[in-house]
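Readers should treat all values here as calculations from the given coordinates under stated rules, not as data from a laboratory. Remember, it's a predicted structure, so these values are computed and weren't measured experimentally. We place every Cβ from the backbone using ideal geometry, glycine too, and count neighbours over all the protein chains shown.
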There are 2 protein chains.
Amino acid sequence: MKRATIKDISLQIGVSTSTVSRALNDHPDISDSLKEQVKQVAKALNYHPNLMAVNLRRSRSNLIALIIPEITMFFFPSVIKGVEEVVHREGFQLLVLQSQDSLEREIQNLRVCHDHSMEGVLLSLSAESSDVNHLSELKEVGIPVVLFDKSVVQSTFDQVLINDFEVAYQAVTYLIEKGAKNIAGLFGNRNISISQERHKGFQQALADNGIDAYKAPTIFASSLQQCQAASSALLQRHKPDAFFCMSDEVAAGLYPALNAANIRIPNDCKVIAISDGNLPYFMQPTLTHLHHSGLEVGRVAAQRLIDRIKGIVKEPEVTTKILSIGIVELGSV
Amino acid sequence: MKRATIKDISLQIGVSTSTVSRALNDHPDISDSLKEQVKQVAKALNYHPNLMAVNLRRSRSNLIALIIPEITMFFFPSVIKGVEEVVHREGFQLLVLQSQDSLEREIQNLRVCHDHSMEGVLLSLSAESSDVNHLSELKEVGIPVVLFDKSVVQSTFDQVLINDFEVAYQAVTYLIEKGAKNIAGLFGNRNISISQERHKGFQQALADNGIDAYKAPTIFASSLQQCQAASSALLQRHKPDAFFCMSDEVAAGLYPALNAANIRIPNDCKVIAISDGNLPYFMQPTLTHLHHSGLEVGRVAAQRLIDRIKGIVKEPEVTTKILSIGIVELGSV
DNA sequence: ATCGTTACCGCAATCGTTTGCGGGAACGAT
DNA sequence: ATCGTTCCCGCAAACGATTGCGGTAACGAT
């Protein structure tokens, strides 16, 4: 019932625990024959090293934390997948924590990271986090942090982002090239930075094409339901010939509204979104989008973090990695 | 830079480490004034107990593992959410592992659970796991396991499931009540148990209503693309007046196929699915479904596990908790 | 002055490993 | 016979906390 320890092995064979330890770790001081014997007994006793003891001794934990606002079906599953892939390959274990978009819980989670001796932290800031001051605690004890997806301007940490402004600009420009003249914008929670940045890109693209950005119908909605309701309301007053959706989530709110108003996509109205490329294929018509690969974000961020942990990245300066985004042309434009 | 230990505090105040430890844990042997002082110094030094040491000493880890086949946008995000909710409330941390539907990786993950001294494991079996023999290792060392969603018949573990047969039966019966006479069935990976059970329920419901189940058009598809292709092919040969979809994922494959064939939902063809209730609202028309709440599954399974860990559940017998399922009537029937 | 309490606090073992250092045995060389 | 190597292996101290047991001081009571 109780798990075997190194001591059990040592007693059984009649050597010291240090010898057993060295044998199991293939230390050159130990003869091959003894190594063999030790390993056999270990197997027989179903011995597994107690990682709590090992980690305490080595003062490592082999753990990497991923803190995200919330696990929904949007975006983060792909990120987790990408992170897990890299983290697992490098021999770490992943711990997933959620901040529920609350600063308080984010701080709690960071404390957990500290307490559990995380070797590194991947963090997508909560909606309430307007700066990174609460990360100083980790910085002081030397736990590397990589921010991704959501960050703040004056960050002093490595980060993996996309250029939200640019991507939105690009999407809107694309709609204009396709002949759209009256473009509406749909955005998520107005408190999070990426909503704001994408909104700016939206406005700038309009302005650069001689369209009065302030007259463009605009919605900020924090949930699918809100978005659908707001879209329906919008359609009472305006008849846009195109929609820019900052995420596939808001696009999913828009579709039913258009349908209810008997507006056909893409004939009556074009739709474009930014998406990780899953949901767009479930929608009808399939949703043209700029492909913001969560998988890629996860991979790159995790790799960067692990490089930091291993000390491969020596420069003290932090880097901001901007991922490039491609457009996937489907049925909605 | 280095984190403060209990020793640092003891040196600073001039008491022993044991006293500091007791003071921090509000042991009655320590005077209130000293406690106050110790806590102040602890705060000043930004002291956090080293959980690796604490856990080694207490031989606990405070960790609960969740092993799932794969984090996709389907179902599991809700489960994770439910699990996290309970686990966090009870003061544990959650570790998410993926088996990629591979038995080998599932075994690897179980080893990780053992090595990291998990206090409990929540497991949704991989497609390749046809029994639970590989769980014996955990059983031997006394780590409780709760299976959920996917299990096997002769399981000797607590489990939280739905009655897949019954739910499918119920869904098909509903279609028949609504007038459907020619019902097709869409299923996922044919190797996983829930596909098989739901398929049986599908067939039985047909048979009980005097329909030849073996002539009913049936598809097993492991991905969205496969499902869409197979659906299109099916529509060349048959004109079902209703579809039973074992998951929202396959339903998402069906929709475009119906659309391409110019078949209208629900007028020309009804569709019903089993779903956790997210995706159905993004589809057009919204998808009528039997609501298999991932949130609930996660909560119940996690609570059961924690009861086991805490020893609240004393009975040696394992229990199988079957969650009830309600129907959500939306636009597709 | 002695004894008994009560209130505090320290010693040292412990959890399971790792690892620096030292030491014995065997063996060959001188 | 002595010395030097080489090859193995054990002792004991860490890692950072918890905790049973014992000990000391203060104090009042007798």
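Below, the figures for the structure above:
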read-out: Per-residue Cβ neighbour rank within 10 angstrom, fewest leading, B:L295, B:L254, B:L161; value: B:L295, B:L161, B:L254
read-out: Karplus-derived 3J(HN,Hα), 6.51/-1.76/1.60, for each residue of the stretch A:193-205, Hz, glycine and proline x; value: 4, 5, 4, 5, 5, 5, 5, 4, x, 4, 5, 5, 4
read-out: Kirkwood Rh in Å, taken over the protein assembly as shown so that all alpha-carbon pairs contribute; value: 27.5
read-out: All-pairs alpha carbon distance profile, chain B, 10 Å steps from 0, percent; value: 5, 22, 25, 18, 13, 7, 6, 3, 0
read-out: Dimensionless Rg ratio for the stretch A:164-291, taking C-alpha atoms and the 2.2 N^0.38 Å reference; value: 0.92
read-out: Gap separating the Cα centres of the stretch B:90-107 and the stretch B:1-74, nearest whole Å; value: 28
read-out: Residues with amide H under 5 Å from that of A:S126, placed H, sequence gap 5 or more; value: none
read-out: Candidates B:K81, B:K181, B:K39, ranked by Gaussian network fluctuation over chain B, Cα under 10 Å, top entry; value: B:K39
read-out: Across the identical copies, how the A:N259 labels are spaced - nm, sorted shortest first, 7 Å along Cα→Cβ; value: 0.9
read-out: Integer Hz, Karplus 6.51/-1.76/1.60 couplings in order for the stretch A:107-117, x for Gly and Pro; value: 5, 3, 5, 5, 5, 4, 4, 5, 4, 8, 6
read-out: Other protein chain Cβ atoms within 10 Å, averaged over every residue that makes up B:49-57; value: 6
read-out: Highest-MSF residue in chain A out of A:I265, A:I13, A:I194 [GNM, Cα springs under 10 Å]; value: A:I13
read-out: Pseudo-label separations to other copies for B:Q236 - Cα-to-Cβ vector, 7 Å, nm; value: 4.9
read-out: Other-chain or far-sequence residues with amide H under 5 Å of A:A273's (modelled H); value: A:C245, A:H289, A:L290
read-out: Calculated [θ] (222 nm, deg cm²/dmol) that DSSP helices of n ≥ 4 give over chain B, each run adding -39,500 (n - 2.57); value: -13500 deg cm²/dmol
read-out: Distant-in-sequence amide H partners of B:G185 (H built 1.01 Å from N, under 5 Å); value: B:T218, B:I219, B:F244
read-out: Of A:R190, A:R264, A:R237, the one that fluctuates the most in a GNM where chain A has Cα springs shorter than 10 Å; value: A:R237
read-out: Calculated diffusion of the stretch B:4-152, Stokes-Einstein form, Kirkwood radius summed over Cα pairs, 10 °C and 1.306 mPa s, µm²/s; value: 89
read-out: Shielding score for A:184-192, defined as the mean number of other chain Cβ atoms within 10 Å; value: 0
read-out: Segment B:N25-B:Q40, length gained on full extension (0.36 nm per residue, minus Cα span); value: 4.0 nm
read-out: The stretch B:225-333, Cα convex hull volume normalised per residue, Å³; value: 120
read-out: Whole-angstrom gap from the stretch B:111-142 to the stretch B:153-205, using each part's C-alpha centre; value: 27
read-out: Peptide A:85-97, shielding by other chains (average Cβ, 10 Å cutoff); value: 3
read-out: Entries in B:K150/B:K215; A:K139/B:K81; B:K181/B:K270; B:K35/B:K310; A:K181/A:K215 that, when Cα-Cα distance is taken, lie over 20 Å; value: B:K150/B:K215; A:K139/B:K81; B:K35/B:K310
read-out: Derived scalar couplings ³J(HN,Hα) [the stretch A:146-156; Karplus, 6.51 cos²θ - 1.76 cosθ + 1.60; whole Hz; x for Gly, Pro]; value: 10, 8, 9, 6, 10, 8, 10, 4, 8, 6, 10
